[in-house]
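Right, one structure below, let's go through it.
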Amino acid sequence: MLETLIELDKELFLFLNGLHTKALDQVMYWISDKLIWIPFYAWILYLIVKEYKWKAVIWLVGIGLAIAASDQILSGVMKPFFERYRPSRDPELEGLVHIVNGYTGGRYGFASSHAGNVFALTTFLYLLFREKYHWIGWLFIWAAVVSYSRIYLGVHYPGDILTGAIIGTLMGYLFFRLSNVVKNKYYPETA
């Protein structure tokens with residue numbers, strides 16, 4: 001059963017990774033880069049501070065903890081425990097993987113911390129702002145595109161992405177709920 005899932009994961013990866021074009025190579029490379037998103041993160045910081053003033057620290061700490069927990073579970077625990085090669089480093093796939101700019105990532109890729117981190121952030125923000133900003137759900141498309149860029153670049157299997165996204169979503173939900181408990185304890189009258 002597990003072997004069948006692994007083979008299906010590889011086949012789906014090869015299909016999705018094979019959907020590359022020269023025009024998208026640099027776009028996907030930049031989408032996957034964390035630094036390109038600094039203006040976006042600054043805008044998120046602005047929205048939270050604008051809405052909650054100095055009390056925003058509760059939500060910002062919650063976001064930081066959600067991302068840190070997701071990252072540690074995925075990169076600190078799962079990758080070294082499972083030791084599953086990234087597609088870009090898998091000897092069975094040598095010569096079959098489309099790689100951009102020579103980027104191959106670290107040795108192991110199960111599961112994707114990129115996917116986990118963006119889904120932790122997106123879930124937290126969705127829960128925080130869903131009643132105020134009705135467009136906030138569209139951030140899940142951003143998270144999905146960032147996650148897909150990892151397949152496009154040849155550094156993650158779809159199963160890596162799915163697992164990372166699930167764990168990130170759970171961490172976003174958990175730390176939003178914990179932050180809400182703290183907020184309600186110290187500032188029960190405010191949103």
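Readers should treat all values here as calculations from the given coordinates under stated rules, not as data from a laboratory. Computed from a prediction, not measured in an experiment: that's the story for all the values here. No Cβ is skipped: glycine too gets one built from the backbone with ideal geometry, and neighbour counts run over all protein chains shown.
Computed extension gain for PHE82 through LEU60, at 0.36 nm per residue and net of the alpha carbon distance, reaches 4.8 nm. Farthest toward the positive end of the dipole of the chain, out of VAL182, SER70, GLY109, is the Cα of VAL182, where the dipole comes from beta carbon charges about the Cα centre.
Between helix 2-17 and the chain there is an angle of about 90 degrees, using the helix long axis and the longest principal axis of the Cα atoms.
In this simple spin-label approximation, TYR103 and ASN184 carry label points 7 Å from Cα along the Cα→Cβ vector, and these lie 4.1 nm apart.
Mean residue ellipticity at 222 nm, helices only, the chain: -21000 deg cm²/dmol; runs of at least 4 DSSP H residues each add -39,500 (n - 2.57), and the sum is divided by the number of residues.
Across region 64-191, C-alpha contacts under 8 Å between residues 6 or more apart give a mean separation that, scaled by the residue count, equals a relative contact order of 35 percent.
What's the local net charge at HIS156, with K and R +1, D and E -1, over the other residues with C-beta under 9 Å away?
On the way: positive: ARG86, ARG150; negative: ASP160.
Value of the local net charge: +1.
Of LYS53/LYS132; LYS50/LYS183; LYS132/LYS185; LYS79/LYS183; LYS55/LYS79; LYS34/LYS183, which pairs sit farther than 25 Å apart, going by alpha carbon to alpha carbon? Listed pairs above 25 Å: LYS79/LYS183; LYS55/LYS79; LYS34/LYS183. In the chain, a dipole from Cβ-located charges (positive for Lys and Arg, negative for Asp and Glu) runs towards its positive end, and of TYR46, PRO158, TYR126 it is TYR46 whose Cα lies farthest in that direction.
Let's see if you can work this out: charge +1 on each Lys and Arg Cβ, -1 on each Asp and Glu Cβ, no other charges. What is the dipole magnitude of region 10-166 about its Cα centre, in debye to the nearest 20? Don't jump to the answer; show the numbers that get you there.
Numbers: 14 positive and 11 negative charges, 95 e Å.
Dipole about the Cα centre, nearest 20: 460 debye.
Seen from LEU96, the other residues with C-beta closer than 12 Å to its C-beta sum to a net charge of -3, counting Lys and Arg as +1 and Asp and Glu as -1. Relative to the longest principal axis of the Cα atoms of the chain, the long axis of helix 139-152 lies at roughly 20 degrees.
How long is the gain from HIS20 to VAL145 if the chain were fully straight, where each residue apart is worth 0.36 nm and the alpha carbon distance is subtracted? Show your work: numbers first, answer last.
On the way: separation 125, 0.36 × 125 = 45.00 nm, distance 1.41 nm.
Using 0.36 nm per residue and subtracting the Cα-Cα distance, I get 43.6 nm.
Count Lys and Arg as plus one, Asp and Glu as minus one, and take only other residues whose Cβ is under 15 Å from that of SER113; the net charge is then +3. Which of rounded, prolate or oblate describes region 37-103 when judged by the alpha-carbon gyration tensor and an a/c cut-off of 1.5? Taking the square roots of the gyration eigenvalues as a ≥ b ≥ c, region 37-103 is oblate.
What is region 1-48 by shape, rounded, prolate or oblate, if you read a ≥ b ≥ c off the alpha carbon gyration tensor as root eigenvalues and call it rounded for a/c under 1.5, prolate for a/b larger than b/c, and oblate otherwise?
Details: a/c = 5.08, a/b = 1.87, b/c = 2.71.
Because a/c hits 1.5 or more and a/b fails to exceed b/c, region 1-48 counts as oblate.
Volume per residue of the convex hull around the Cα atoms, evaluated for region 63-191, comes out as 97 Å³.
What does the C-alpha gyration tensor say about the overall shape of region 101-148? Classify as rounded when a/c is under 1.5, otherwise prolate if a/b is larger than b/c, or oblate. Can you show the working numbers first?
Values: a/c = 4.64, a/b = 2.53, b/c = 1.83.
Because a/c hits 1.5 or more and a/b exceeds b/c, region 101-148 counts as prolate.
Region 67-86 and region 95-113 have Cα centres separated by 15 Å.
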